[in-house]
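First up is the structure itself, then whatever we jot down about it.
The values are calculated or read from the model by the stated rules, or taken from the named source; none is laboratory data. Predicted model, so just to flag it, every value in this text is computed and none were measured. Note: ideal-geometry Cβ built from the backbone for every residue, glycine included; neighbour counts use all protein chains shown. Each accessible area value is taken on the protein alone, full model and side chains, heavy atoms only, with ligands, DNA and RNA left out. Shrake-Rupley method; radii C 1.70, N 1.55, O 1.52, S 1.80 Å.
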Amino acid sequence: MIGAFYEDCLKGGDVEIEYSDGLIRPLSAERWLRYNEGDEHILARCGGPTLDVGSGPGRLTVALTRMGIPAMGIDIAPLAVELTRRAGGLALRTCVFEPLPGTGRWAEALLADGNIGIGGDPAALLRRMRELVRPGGTVIAELSPPRSQSKVQTVRLRQAGRTGDWFTWATVSIDDIATLAGRSGFPTVERWNAAGRWFASLS
């Protein structure tokens with residue numbers, strides 16, 4: 001059901017995120033269909049085979065492919081995978097916690113667009129990322145701004161009177177990433193901001 005709402009949003013439908021506390025915000029998935037200012041600061045740090053986790057319609061996967069860098073996106077939404085392939089990128093419809101090609105051999109792995117929130121357990125996700133990248137590999141994550149609160153929220157998607165199932169999603173502040181990364185097998189953390197976005201490189 002989550003995937004169906006997400007796909008409707010990619011097609012231009014008006015989909016909202018409802019939080020358990022009553023807050024409602026637009027999903028605005030169309031921003032993932034095109035270049036976002038600051039993307040170049042992610043792409044520039046990818047020098048080897050790169051896994052794009054929660055790749056959506058594949059803007060980063062496709063950009064890396066065009067740069068000559070081997071890249072693969074993974075997403076649970078069939079339309080997102082189709083759009084990536086249509087644009088010339090490699091993508092699989094699967095979850096990050098399922099068996100994946102190249103496990104333990106990826107040079108970089110991406111958690112762009114706040115995808116460190118996948119599954120609602122950032123520590124578990126980062127431990128999984130540690131399995132996916134090779135020794136000395138790097139995870140590049142996009143995070144919430146300084147002085148924001150790291151938290152796990154219960155949310156669901158809604159559209160035209162229909163609602164999906166509740167699920168958990170996490171947000172991680174740039175202030176908290178070093179501690180979280182260290183507990184998850186990444187002792188070295190570099191942080192930076194660009195174009196109003198906040199990033200960390202975990203290695």
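Just one of the numbered conditions (1) assigned to a loop (DSSP other than H, G, I, E, B); (2) under 12 Å from the mean Cα position of the chain (by Cα) is not true of ILE116: (1). Restricting the search to strands (runs of 3 or more DSSP E) fully inside the stretch 143-202 and requiring at least 3 residues that are modelled with pLDDT under 95 gives 151-159.
The stretch 1-75 holds helices (runs of 4 or more DSSP H) entirely within its bounds, and those carrying 1 or more residues that are at pLDDT below 95 map to 2-10. Could you go through the stretch 175-194 and let me know if any residue there is open to solvent by 50 Å² or more (accessible area, probe 1.4 Å) and touching a helix residue (DSSP H, G or I) at 6+ places or on another chain (Cβ under 7 Å). Checked the stretch 175-194: at least one residue is open to solvent by 50 Å² or more (accessible area, probe 1.4 Å) and touching a helix residue (DSSP H, G or I) at 6+ places or on another chain (Cβ under 7 Å).
Residue-wise test of (1) hydrophobic (A, V, I, L, M, F, W, C); (2) touching a residue at least 12 places away in the same chain (Cβ under 8 Å).
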| site | (1), (2) |
| --- | --- |
| SER20 | no, yes |
| LEU23 | yes, no |
| ASN36 | no, yes |
| VAL53 | yes, yes |
| MET72 | yes, yes |
| LEU83 | yes, yes |
| GLY89 | no, yes |
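HIS41 meets the conditions (1) open to solvent by 30 Å² or more (accessible area, probe 1.4 Å); (2) closer than 30 Å to ALA160 by Cβ in every case but one. The failed one is (2).
Tallying residues that are open to solvent by 10 Å² or more (accessible area, probe 1.4 Å) and either over 15 Å from ASP113 (Cα atoms) or in contact with a strand residue (DSSP E or B) (Cβ under 7 Å, 6 or more places away or on another chain) (or both) within the stretch 49-61 yields 3.
Note on the stretch 144-162: residues that are in contact with a strand residue (DSSP E or B) (Cβ under 7 Å, 6 or more places away or on another chain) and without any contact (Cβ under 8 Å) to a residue 24 or more places away in the chain amount to 1.
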